[in-house]
Amino acid sequence: MTYTENLWLFFTLLFGIIVVPGMDMIFVLANSLTCGRASGLAATAGIMLGGLVHSLYGALGVGLLANLLPVLFKPLLIVGALYMAWIGFTLIRSAITVDHVGPADTRSQWEAFRRGAVTCLMNPKAYLFMLAIYPQFLRPDFGPLAPQAAVMAAMTAATQLAVYGGLAIVAGRAQSALVGNPAVTIWVGRISGLLLVVVSALTLWEAVEIG
């Protein structure tokens, strides 16, 4: 796999995960519907900051293993791929729906920004997800890790801005699509789960070939 192919695969997986309805998406919608687009965009900016922090510790973890304990890198790759496959199968079997989008109790754009960051950083699944995902795409064989990590962090922030920022701008229509069409959210989750399973299978295959 080339570095360009690796980035396209990362983006496909990243987009599939971000569009799955969850805490971050509901928080952006609630702020947009209650306090206006500016508040929704402020919440998006906070979530982007949280995503950058997740990207940072994910990159640091991979970098430490690659440089200090390289013998553990391949086992981590395999364990991460298996965990990613488990998440994928869970999403395929789940039925993700959004019953309602409640009002936001933020009183200013700054509070929306701050709570957006906290919402992202307080999600325990995000930590496990980053530890499982980053070793699959942040590879020493593609060169120095720092530039790779910077590109992946920028892709994450840009995708969050496109998805959540877009929702903030068209919040009314987005609410109708999420709440009024449960079949759509269910299939979004299942397609994302399928992407996770496919990527984990490719990772395991590559690990076996390298080994």
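Candidates L13, L29, L7, L82: the one that is more than 21 Å from M122 (Cβ to Cβ), in contact (Cβ under 8 Å) with a residue 40 or more places away in the chain and crowded, with 18+ Cβ neighbours inside 10 Å is L13. Taking residues in segment 112-125 that are more than 12 Å from T44 (Cβ to Cβ), and partners anywhere that are among the hydrophobic types (A, V, I, L, M, F, W, C), the pairs with Cβ atoms closer than 7 Å and at least 6 places apart or on different chains are L121/V53; N123/M23. Scanning segment 16-26 for residues that are in a helix (DSSP H, G or I) and either buried (at least 17 other Cβ atoms within 10 Å of the Cβ) or without any contact (Cβ under 8 Å) to a residue 60 or more places away in the chain (or both) returns G16, I17, I18, D24, M25, I26.
Within segment 50-66, if we keep just the residues that are among the aliphatic types (A, V, I, L, M) and either in contact with a strand residue (DSSP E or B) (Cβ under 6 Å, 6 or more places away or on another chain) or surrounded by 17 or more Cβ atoms within 10 Å (Cβ to Cβ) (or both), the residue that is nearest to A162 (Cα to Cα) turns out to be A59. The single condition from (1) within 30 Å of V198 (Cβ to Cβ); (2) touching a Ser or Thr at 6+ places or on another chain (Cβ under 7 Å) that V151 fails is (2).
In the condition set (1) over 15 Å from S200 (Cα atoms); (2) surrounded by 13 or more Cβ atoms within 10 Å (Cβ to Cβ), P124 is compliant with all but (2).
Here G189, G172, G166 are screened, and the one residue that is part of a helix (DSSP H, G or I) and either touching a Phe, Trp or Tyr at 6+ places or on another chain (Cβ under 6 Å) or modelled with pLDDT of 85 or more (or both) is G166. Scanning segment 12-41 for residues that are more than 15 Å from the chain's Cα centre (by Cα), on the phi < 0 side of the Ramachandran plot and not hydrophobic (A, V, I, L, M, F, W, C) gives N31, S32, T34, R37, S39, G40. Residue-level analysis places Q136 among those that are in contact with a Gly (Cβ under 8 Å, 6 or more places away or on another chain) and farther than 23 Å from M25 by Cα. Summed over segment 147-158, residues that are touching a residue at least 12 places away in the same chain (Cβ under 8 Å) and of a type in the set (G, A, S) total 3.
The values are calculated or read from the model by the stated rules, or taken from the named source; none is laboratory data. The shown structure was predicted, so the numbers you read here are calculated from the model rather than taken from an experiment. All Cβ positions, even for glycine, are placed from backbone atoms using ideal geometry, and neighbour counts span all protein chains on display.
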